[in-house]
Amino acid sequence: MRKVLLTALVAAIPATGFAAGLEDLVEARRGYYKLLGANMGTLSAMAKGDVAYDGAAAQTAADNLKTLTQYNVGHLYAPGTSKADMPGKTRALPAIWEDQAGVAEKGMAYVEAVNALAEVAGLDRADMGKALQKVGGTCKGCHDDYRAKDF
Ligand code: HEC
């Protein structure tokens with residue numbers, strides 16, 4: 001479990017740069033989080049009652065989040081891609097590169113919450129809502145420490 005979680009969210013931050021431009025890398029990184037936001041949006045609309053609860057759609061969104069926890073984001077955090085390096089382009093704080101253990105901890109809390117969400121999302125709206133709140137708390141937990149408020 002631990003190994004999977006670490007691979008999913010922090011993985012080895014590569015020591016060397018990549019052929020792809022750093023700006024493309026940052027765009028891809030932000031795109032990854034936009035996928036999280038899109039699936040969270042589907043679920044939160046149902047939890048709030050803005051959209052009728054649909055177990056199949058909720059399960060799909062939760063499964064998408066779970067699938068994305070398997071994506072190894074390490075390569076998206078190449079050196080030279082923090083907000084200090086690329087102001088205006090990214091909100092990733094330099095603390096990410098300085099405190100990998102801390103990021104891993106936030107990442108593991110997130111993965112655990114997503115796994116719990118995926119267990120119930122398709123079964124019951126109230127249970128999905130509770131699990132969703134926990135996931136949201138872990139998103140925020142990481143953002144508070146590792147994402148700047150603005151670009
Ligand atoms: C382990 C840390 C971590 C976790 C967990 C995490 N995020 Fe983030 N998120 C970040 C970082 C870092 C950025 C800034 C990326 C950048 O600007 O390069 C970010 C950026 C974002 C963005 C902005 C993308 C853009 O357009 O620039 C959204 C939306 C987002 N996260 C949503 C979520 C949601 C929803 C969750 C939970 C389901 C989540 N994040 C969980 C670290 C995390």
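Overview of values
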quantity: Separation between Cα centres of the range 114-148 and the range 48-100, rounded to whole Å; calculated: 13
quantity: Cα gyration tensor shape for the range 98-151, rounded if a/c is under 1.5, else prolate or oblate; calculated: oblate
quantity: Cα-based Lys pair tally, the range 21-146, threshold under 17 Å, eight or more apart or on separate chains; calculated: 11
quantity: Taking only Cα atoms of the range 21-146, radius of gyration then Dmax in Å; calculated: 15.5, 45
quantity: ³J(HN,Hα) computed for each position of the range 46-62 - Karplus, 6.51 cos²θ - 1.76 cosθ + 1.60, integer Hz, glycine/proline x; calculated: 6, 5, 6, x, 5, 10, 4, 5, 9, x, 5, 5, 5, 5, 4, 5, 5
quantity: Neighbour-limited loop hits for trypsin sites (Lys or Arg not before Pro), the range 56-151 (at most 12 other Cβ within 10 Å; DSSP other than H, G, I, E, B); calculated: 149
quantity: Debye intensity ratio in log₁₀ form over the Cα atoms of the range 67-118, taken at each q of 0.17 Å⁻¹; calculated: -0.62
quantity: Accessible-area composition of the chain, carbon plus sulfur, in percent [1.4 Å probe]; calculated: 57
quantity: Surface accessible to a 1.4 Å probe, per residue, for the residues of the chain, Å²; calculated: 54
quantity: Computed [θ] at 222 nm, helices only, for the chain once each DSSP H run of length n ≥ 4 contributes -39500 (n - 2.57); calculated: -21500 deg cm²/dmol
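The values are calculated or read from the model by the stated rules, or taken from the named source; none is laboratory data. Everything quoted here is computed from the prediction, not taken from an experiment. Here Cβ is always computed from backbone atoms with ideal geometry, including for glycine, and neighbour counts include all displayed protein chains. Side chains are part of the model used for accessible areas, which takes the heavy atoms of the whole protein and leaves out ligands, DNA and RNA. Shrake-Rupley method; radii C 1.70, N 1.55, O 1.52, S 1.80 Å.
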